[in-house]
Each structure stands twice: as structure tokens, then as C-alpha cells.
1. How about segment 61-73: which of its residues are at pLDDT 85 or above and not hydrophobic (A, V, I, L, M, F, W, C)?
2. Of everything in segment 15-38, what is surrounded by 10 or more Cβ atoms within 10 Å (Cβ to Cβ) and more than 30 Å from A68 (Cβ to Cβ)? Give them in sequence order.
3. List pairs: first residue in segment 39-58 and surrounded by 11 or more Cβ atoms within 10 Å (Cβ to Cβ), second residue not in a helix (DSSP H, G or I) anywhere in the structure, Cβ distance under 6 angstrom, at least six positions apart or on different chains.
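The values are calculated or read from the model by the stated rules, or taken from the named source; none is laboratory data. A quick note: this is a predicted structure, and the numbers were derived from the prediction, not measured. All Cβ positions, even for glycine, are placed from backbone atoms using ideal geometry, and neighbour counts span all protein chains on display.
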Amino acid sequence: MKRTLKKVKAFFEWIFHPRFIKAMFSFFCLILNDLLFMAGAAFILTAVYRWSTNIGLILTGVFFIFYAYLISKKAR
């Protein structure tokens, strides 16, 4: 029983360590940023495709290029 309690205590000390919480918060913000960018791009592209297909295709390419640039910048 004591051995299990030690393991549980060590687990919670690891989970609530400030460095771990900071890393998880940073990861959460990164994912949230990507999701908001994709949602905004989808909204804009939907509006543009209703207006003109050609402009929508061009803008889709621009979003893909910009997103690829952002991903490559994060990898550096």
C-alpha cells in the first residue's frame, strides 16, 4: 500500500511540476493557434468561393503556401 502511495505521489509531483505545466500550456497554445488559423482560412475561403471560383482557387494556394511557411518556421 505504501509503495502504491509513493508512486501516486511521484506521479502527481511530475504532472504538476511547473516546467511540465509550462510545456503543456505552450503545446496547447500552439494547437489552438493552428486550429484558429485553419478555421479562419476555411471561413474566408468559403466566402470567396461563393463569390468567384478562380479567386477562391488562388487564395487557397496562398493559404497553403503561407501555412507551409509557418510550419517550416516552427521547425527551425
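1. Once the filter is applied, which keeps residues that are at pLDDT 85 or above and not hydrophobic (A, V, I, L, M, F, W, C), segment 61-73 yields only G61.
2. I15, H17, F20, I21
3. none
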